[in-house]
Amino acid sequence: MSAPEEDLAERIASAWQRERPGLPVGSIRILTRIRQAAKLLTDDRRRTLALVAMDAATLDLLSTLRRAGAPYCLPTRELAARSLISAGR
């Protein structure tokens with residue numbers, strides 16, 4: 001049986017310390033925990049959007065239009081700039 005997931009950051013740091021003694025591993029603990037939290041939030045968002053048959057890109061675009069205020073429309077360039085979308089090539 002493997003250790004609880006909460007210990008993943010510590011296990012990774014310990015493995016690096018074992019394999020490369022003296023290697024600074026403090027940031028590995030922090031970054032691994034941030035990555036774990038981000039994954040949990042991303043998975044939850046994906047599940048929630050699936051309940052309403054929407055993807056993240058559509059939500060981002062609709063949110064951008066809503067924030068623009070009535071009449072909830074923007075020129076294409078402005079919509080792209082406000083929603084951090086880059087032009088396709």
- [ ] Output the qualifying pairs, or none if there are none: Cβ atoms under 8 angstrom, residues six or more apart or on different chains, first residue in segment 68-89 and more than 16 Å from A57 (Cα to Cα) and open to solvent by 90 Å² or more (accessible area, probe 1.4 Å), second residue of a type outside the set (D, E, K, R) and modelled with pLDDT of 90 or more.
- [x] Y72/L65
TODO: Name every residue in segment 36-51 that is within 24 Å of E10 (Cα to Cα) and exposed (fewer than 12 other Cβ atoms within 10 Å of the Cβ), in order of residue number.
DONE: A37, A38, K39, L40, L41, T42, D43
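The values are calculated or read from the model by the stated rules, or taken from the named source; none is laboratory data. What you see is a predicted model, and the numbers here were worked out from it, not measured in a lab. So basically every Cβ, Gly included, is an ideal-geometry build from the backbone, and we count neighbours across all protein chains shown. What goes into the accessible areas is simple: the full protein's heavy atoms, side chains included, and nothing from ligands, DNA or RNA. Shrake-Rupley method; radii C 1.70, N 1.55, O 1.52, S 1.80 Å.
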